[in-house]
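Have a look at the structure below before the remarks.
Here, each number is a calculation from the coordinates, and none is a lab measurement. No experiment lies behind these values; they were computed from the predicted model shown. As a convention, Cβ positions derive from the backbone with ideal geometry for all residues, glycine included, and neighbour counts pool all protein chains shown.
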Amino acid sequence: MKEDNRNVSKPKWKRIFEKKWFFPAVYLSVAALMLAGVLWYQNLNNQIPEATDDTGPQVDNARDNLADFDQDSDPVVNQAEVLKLPVTEEAQTEIATKFYDYNNSAEEQEQALVLYDNKYYQSKGIDIASTTDKTFPVVASLSGEVTDVREDPMLGNVVEMKHENGITTHYASLDDVQVKAGDEVTQGEELGLAGENTFSQASGIHVHFEIRKDDQAVDPEKFINQSVADIKVTDEQDEKVSTDDEATTEDTSSTQTDNSSTVPSEKADDQTSNSEETSDQDASTKDRESSRATTNT
C-alpha cells in the first residue's frame, strides 16, 4: 500500500514550490518591481516642476490677454450707443418746432421758424412739447460729461454736454435742473424738467434740444436711433455755412469801405467850412480898413 501511495504523482504547483530556485526567483521579481516603481516615481517628481515652469508664462499671458480684452471692450460699448430723444417713453410729447433745413419743403421750413419780438428766427434744434400741458422729465440723449449749466434770460435754464466724435448736445427751457458742470451722466439719466421760456412761448411747456457736430448744428430727427459715429454734417450745410461766412465778410468789408469814404468827405466839409470862415474874416477886415480910410479923409 505504501509503495502504491509513493507512486501517486504530486500536483505540478507543489513540485514548483519544492524547487530550490523558486523562492529566490520570487524575491528577485518583487525587488525588481519595487525598484521600477521607485524609479518611475522619481521621474514623475522631476517632471512636475518643469510642467509648472512652462505653464507659468502661459497663465500670465492669458491674464494679460484678458486685461487687454477688458480695456478694448469699453469703446465697443460706447460705439453701440445710439442717439435717443431726451424724453422718457411714458412722456406724452410731440415735436412742436422742427430744425430749419434749407433743403426742406416750404411747409417744413415754416414749422422751423420761431417768432420772437415780432421777428422770425430759424430754429437750430427741435422743441419737444407736452401734449397735456404738464411737465415731463428731460433725460440725457447720450452718455457724456456736463460741460455747462447756466440760466439764459430768453432760453431759460440750459444744460450742455459733450460726447465722443465731437458731438455736443444742448437742452434748454429746463426747470429743476438735477446736474452740474463736471458731472458724468449716463444715457437716460434725468437732467431736469421741461419748462417754459420767453423765446419759444408758442411751444408752451417744452424742452429745446440741439445736436452739434464740431460746433455745427444738425437735425436731431435725422439721427434718432443711429450711432454716434453716424452723426455727420451734410455737404449742403457746409456750403451754406461757408456762404453765410462769405456774406458776413462782405458786409463787414462794405461797412468798413463806407466808413472810410465817409471820413474824407467829412474832412472835405470841414476844410470848406474853414475856408469860408477865413474868407468872411478877410472881407470883414477889408470893410473895417475902408471905413477907417473914409473917416480919415
So which trypsin sites (Lys or Arg not before Pro) in the range 119-179 are both in a DSSP loop and have at most 11 other Cβ atoms within 10 Å of their Cβ? K134
Can you give me the long-range amide H partners of T147? Hydrogens built in the peptide plane at 1.01 Å from N, cutoff under 5 Å, separation of 5 or more residues or another chain. E160, M161, K162, G182
Return the sequence-ordered ³J(HN,Hα) values of the range 129-144 in whole Hz as given by the Karplus equation 6.51 cos²θ - 1.76 cosθ + 1.60 applied to θ = phi - 60°, using x for Gly and Pro. 10, 7, 8, 10, 6, 10, 5, 8, x, 10, 10, 6, 6, 9, 6, x
Between A25 and Q178, what length comes free when the chain is fully extended (0.36 nm per residue of separation minus the Cα-Cα distance, one decimal in nm)? 45.6 nm
Cross-chain or 8 or more residues apart, Cα under 20 Å: how many lysine pairs in the range 93-234 fit that? Count them up, please. 16
